[in-house]
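Let me begin by presenting the structure, written as structure tokens, before commenting on it.
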Amino acid sequence: MLALSAEGILPKVDYAIFADTGWEPGAVYAHLDRLEREIAEPAGIPVLRVSSGNIRKDALDPEHRFASMPLYVLNKDGRPGMTRRQCTGEYKIKPIKKKVRELLGYPYPARIPKGVFVEQWVGISTDEFHRAKDADVKYMRNRHPLIDMGWSRSDCVRYLTSLGLADTPKSSCLGCPFHGNAQWRHIRDNSPEEWQDVVEFDAAIRKGNARANATGNRLLGEAFLHRSRVPLGEAPIDHVTAAEWAAMQQELTDTGPDLEELEQGVIDGCSPWACRGEVEPVQDDFGLAS
């Protein structure tokens, strides 16, 4: 959408906002730098980076309020479960709302007058039209330009390729539990340091919320990053699912998402109001403190 606006295909936006969780892959930060340098700055579009902190650091800090990640849980009675997903709200939506208020001239807790609002573009394509949602505050009105243009993900890929941006990476936390096997393999095989980072984090969250542990809460189970509910370094990430094979066939005809995107029947990645890995928790009795 930034490129479409910079080229004049879409109206020129006033700002582009990137909500940084503090734990994105290095490739995402490098890509953002390139977008700012090669596309945004020449078009006169400021790129604003906002943050609520470092989600990895915060998750392991017993002194910090924990915004729950959707961790896979193995309860003591053997039942599988999943913790609530609060991270998108805390590390994506919250800092964006804060910045929008500042841009409007009404920082919290100032009351925003009726009729004062921003139009916010959300990059959802026709493949995911069901994820298009309204904002939950009156001072933000969501618009979905890609849907308005009738663009699918394949259309977006072709456009990015024409700009020399075919290698655009997905924005999501390194240790997002919604990664499919192919995404975990990609980290392991292409970025050893980042792989070591997520393996260490997976081990560190085994006993759950650091703050809950520090206050003596009773542990009700074990937490994992991988859906198999075994340590990430031992998880069966080399298993190629039927969905992956189907995605390979689609790639050959350039008609659909790549293999890791179809692995769980969803396109994983993170976007405010549209977490692409969102699933309903199976069980949530993990005893998390807030």
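Brief remarks follow.
- Within the range 198-226, residues that are outside any helix (DSSP H, G or I) have Cβ atoms under 8 Å from residues that are acidic (Asp, Glu) and modelled with pLDDT of 95 or more in these pairs: Phe224/Asp202; Leu225/Asp202; His226/Asp202, counting only partners at least 6 apart in sequence or on another chain.
- Identity of the residue in the range 11-35, buried (at least 18 other Cβ atoms within 10 Å of the Cβ) and assigned to a loop (DSSP other than H, G, I, E, B), that ends up farthest from the chain's Cα centre (by Cα): Val13
- Taken together, the criteria place Pro107 among residues that are open to solvent by less than 70 Å² (accessible area, probe 1.4 Å), part of a loop (DSSP other than H, G, I, E, B) and modelled with pLDDT of 95 or more.
- Odd one out for Trp121, checked against (1) hydrophobic (A, V, I, L, M, F, W, C); (2) out of contact with any Lys or Arg (no Cβ under 8 Å at 6 or more places or on another chain); (3) closer than 18 Å to Met1 by Cα: (2)
Residue-by-condition table, conditions (1) within 16 Å of the chain's Cα centre (by Cα); (2) crowded, with 16+ Cβ neighbours inside 10 Å; (3) not aliphatic (A, V, I, L, M):
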| residue | (1), (2), (3) |
| --- | --- |
| Phe129 | no, no, yes |
| Ala132 | yes, yes, no |
| Lys138 | no, no, yes |
| Arg141 | no, no, yes |
| Ile147 | no, yes, no |
| Val157 | no, yes, no |
| Leu165 | no, yes, no |
| Trp184 | yes, yes, yes |
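- The condition (being in a helix (DSSP H, G or I) and either under 20 Å from the mean Cα position of the chain (by Cα) or not small (Gly, Ala, Ser) (or both)) is satisfied by just one residue among Glu119, Glu38: Glu38.
- The range 150-170, subset touching a Ser or Thr at 6+ places or on another chain (Cβ under 8 Å) and not in a loop (DSSP other than H, G, I, E, B), residue farthest from Met1 (Cα to Cα): Ser154
- Across the range 186-197, the qualifying residues are those that are assigned to a helix (DSSP H, G or I) and open to solvent by less than 60 Å² (accessible area, probe 1.4 Å), and the one among them that is nearest to Ala243 (Cα to Cα) is Ile187.
- The listed residue being open to solvent by 30 Å² or more (accessible area, probe 1.4 Å), part of a helix (DSSP H, G or I) and closer than 17 Å to Ile17 by Cβ, out of Lys97, Lys57: Lys97
The values are calculated or read from the model by the stated rules, or taken from the named source; none is laboratory data. Small disclaimer: the values here were computed from a predicted structure and weren't measured. Quick reminder, even Gly has a Cβ in these numbers, built from the backbone with ideal geometry, and neighbours come from all protein chains shown. When the accessible area is computed, the model is the full protein with side chains, heavy atoms only, and any ligands, DNA or RNA have been set aside. Shrake-Rupley method; radii C 1.70, N 1.55, O 1.52, S 1.80 Å.
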